[in-house]
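The values are calculated or read from the model by the stated rules, or taken from the named source; none is laboratory data. Since the model is a prediction, treat every value here as computed from it, not as a measurement. Methodologically, a virtual Cβ is constructed for each residue, glycine included, from the backbone with ideal geometry; neighbour enumeration extends over all protein chains shown.
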Amino acid sequence: MKKGLALIYNPHNLLEFIWYACTYAKDTRWDALCLPSGHMGEYMSEYCRKSGMFDHVYASDKNYSQAGMKEQLGAFASMFGHFLVGRRAAYCKKTLNRYVEDIDRYDELVVLNDIGLVGGLMIGLGKKKEVVILEDGVGDYVEKKNKRLLKHLLSGREWRGWLLANMGYSNSEHNYPLATSKYALKFNSKPEKMKYRKYKSIEKLFDFENTDVDRYNRIVEQVYSEIDLKKIEDADAIVFTNNISDFTAAPEPYVGAFTEYMNAHSSAIMIKKHPRDCSDYPFGADQSVYELSPQYPAEVILPFIKGKQIYFMFPSSVLLYMDSADSCYCFYFEKLYDDCKNQQSFLDYPDKKRYAELLELMGAEDIEVINL
């Protein structure tokens, strides 16, 4: 029997994997490796255990992006040296074995994306192992081109991102083609809309034609069982946040503008935070607020929010699964684009043209945009 390892960061990641295992890997025995999501610590191991899908669940709070400069430079120097002598795979295995008992015993590796270092290292073993890359939201619908570096020749971070991607370690800056992705099987909700396509093959995510649906539903109900449907029913506004800190080191004015708008236009809110969102939202004292556990994926509540006013802080992959009849709104923060351009932010905030393109990619080109 085949043995597989799934890298799990966040709730959507786990939901995708449950579908994949019930569709494409019904006879594989799985372990899980749970790592932090963004600036948050590891929090998915409990839910992986609840699923009953894994023989062993590894968990670590180590996050390379939060490591000190000395450690990051040391890791980069080691990666560069291994690449020069043709031993990239050896580096991948050595580093991955800090997280799991023996990476060589796995036949198949499943990751969320090519951005994180650990996921990138797993993709780097694609010549010898089966590698699957699941869907990573809006990031799946952006261009990945080396020519981006020409616009950022003075940026050390962009040079690092370009080198890591071209050496086949990680697409750490989101925008460069990872050399090893050509060995991986890619899953996506809207394959026809993907711009970057250098994968071994691309398949449709959440196609249930060959899924063991009974098993899938049983696992989902088992893992995500504590939703307060009465509070969702009582809410007049459903809010899906984004992590504004990805775009700016000073998110407070934008979080404040968003909260002020919601206070003026609703009296009972259900809020579902982005997995990386650690912001506090000072809703009014008269507001009734129900926050869905951040460990739950947004998709599990979609059947229960029909007829509600639904707000998105940023174009989200959740829009891919929304009914066209739903009343949806998306916020655009007018000053955040310029604010973001002047910083070394984790992500680039789009201008209005690119924002409209993202909505179109999500099938939400007719959504009402609220400018703040």
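Surrounded by fewer than 22 Cβ atoms within 10 Å (Cβ to Cβ) and touching a Gly at 6+ places or on another chain (Cβ under 8 Å), is that true of Phe76? Judged against the criteria, Phe76 is not a match. Within the range 227-242, being buried (at least 19 other Cβ atoms within 10 Å of the Cβ) and farther than 15 Å from Phe312 by Cβ holds for one residue alone: Ala235.
Arg354 meets all of the listed conditions (1) modelled with pLDDT of 90 or more; (2) in a loop (DSSP other than H, G, I, E, B); (3) surrounded by fewer than 16 Cβ atoms within 10 Å (Cβ to Cβ) but one, namely (2). Going through (1) crowded, with 17+ Cβ neighbours inside 10 Å; (2) farther than 30 Å from His152 by Cβ one by one, Pro282 falls short only on (1).
Among the residues of the range 172-182, some residue qualifies, meaning at least one is assigned by TED's automatic domain parsing to the domain that holds Gly81 and in a helix (DSSP H, G or I).
Filtering the range 37-52 to residues that are assigned to a loop (DSSP other than H, G, I, E, B) and surrounded by 22 or more Cβ atoms within 10 Å (Cβ to Cβ) leaves Ser37, Met44. Taken together, the criteria exclude Ile244 from residues that are under 25 Å from the mean Cα position of the chain (by Cα) and farther than 21 Å from His174 by Cβ. Can you find, within the range 122-147, the residue that is nearest to the chain's Cα centre (by Cα) among those that are at pLDDT below 90 and part of a helix (DSSP H, G or I)? Going through the qualifying residues, I end up with Gly137.
To keep it simple, each residue is scored yes or no on (1) under 18 Å from Ala249 (Cα atoms); (2) of a type outside the set (Phe, Trp, Tyr).
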{"site": "Ser316", "(1), (2)": "no, yes"}
{"site": "Asp326", "(1), (2)": "no, yes"}
{"site": "Phe331", "(1), (2)": "no, no"}
{"site": "Leu336", "(1), (2)": "yes, yes"}
{"site": "Ser345", "(1), (2)": "yes, yes"}
{"site": "Arg354", "(1), (2)": "no, yes"}
{"site": "Glu357", "(1), (2)": "no, yes"}
{"site": "Leu361", "(1), (2)": "no, yes"}
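Return a yes/no flag: does the range 363-370 have any residue that is assigned to a loop (DSSP other than H, G, I, E, B), buried (at least 16 other Cβ atoms within 10 Å of the Cβ) and modelled with pLDDT under 85. Within the range 363-370, one or more residues are assigned to a loop (DSSP other than H, G, I, E, B), buried (at least 16 other Cβ atoms within 10 Å of the Cβ) and modelled with pLDDT under 85.
When Val239, Val289, Val255, Val318 are checked against the criterion of being free of Cβ contacts under 8 Å to residues at least 24 places away in the same chain and either in contact with a strand residue (DSSP E or B) (Cβ under 8 Å, 6 or more places away or on another chain) or closer than 27 Å to Lys352 by Cα (or both), a single residue qualifies: Val289.
Here is the figure for the range 186-242: residues that are assigned to a helix (DSSP H, G or I), farther than 18 Å from Lys144 by Cβ and either of a type outside the set (S, T, N, Q) or touching a helix residue (DSSP H, G or I) at 6+ places or on another chain (Cβ under 6 Å) (or both) total 15. Within the range 126-133, is there a residue that is farther than 26 Å from Tyr296 by Cβ, buried (at least 16 other Cβ atoms within 10 Å of the Cβ) and of a type in the set (Lys, Arg)? Yes, there is a match, as at least one residue in the range 126-133 is farther than 26 Å from Tyr296 by Cβ, buried (at least 16 other Cβ atoms within 10 Å of the Cβ) and of a type in the set (Lys, Arg).
Asp280 passes every criterion in (1) in a loop (DSSP other than H, G, I, E, B); (2) closer than 28 Å to Lys335 by Cβ; (3) in contact (Cβ under 8 Å) with a residue 60 or more places away in the chain apart from (3). Based on this model, can you work out whether Ile310 counts as part of a strand (DSSP E or B) and not hydroxyl-bearing (Ser, Thr, Tyr)? Taking the combined requirement at face value, the residue satisfies it.
Would it be correct to say that Leu164 is assigned to a helix (DSSP H, G or I) and in contact (Cβ under 8 Å) with a residue 60 or more places away in the chain? For Leu164, the condition - assigned to a helix (DSSP H, G or I) and in contact (Cβ under 8 Å) with a residue 60 or more places away in the chain - is met.
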